[in-house]
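Here, each number is a calculation from the coordinates, and none is a lab measurement. Every value quoted in this text rests on a predicted model; they were computed, and no experiment measured them.
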């Protein structure tokens, strides 16, 4: 069990709150350190629907993403980090849910790969200016 949160961690939430108000089973990646009071996270999917199978940053796709092929051994299947919207989670509540095993750590993305994902996410069209600023501030501190 991973019981701490930091950028590049992969988490699983059975009750992930989606943009449409529904909640469900989802893996996601933390993109910042939470120093601003909230974590910025990006959902993952194994559904290729309207997404490139070109490794790396694909911001011009209908559904912007970062593609990670299974050969990189970060995920068991081809996986896309979804960048068409990022979610913000209040740090205190998120940390509490991790401590209570409501959100479970599943792994850690390789550091260089993660930094590339974070750069890609910062410049995605749907990333808010506040999210962009926090991700860049985190990247600049590395």
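At q = 0.15, 0.19, 0.22, 0.28 Å⁻¹, what log₁₀ I(q)/I(0) does a Debye calculation on the Cα points of the range 75-142 give, no solvent, two decimals? For the range 75-142 at q = 0.15, 0.19, 0.22, 0.28 Å⁻¹, log10 I(q)/I(0) is -0.63, -0.99, -1.19, -1.22. Once C-alpha pairs closer than 8 Å and six or more residues apart are averaged by separation and normalised to the residue number of the range 1-72, the relative contact order reads 19 percent. Extent of the range 17-142 along its three principal axes (Cα atoms, max minus min coordinate, largest first): 36, 30, 30 Å.
Over the range 34-79, the alpha carbon radius of gyration divided by the compact-protein estimate 2.2 N^0.38 Å works out to 1.32.
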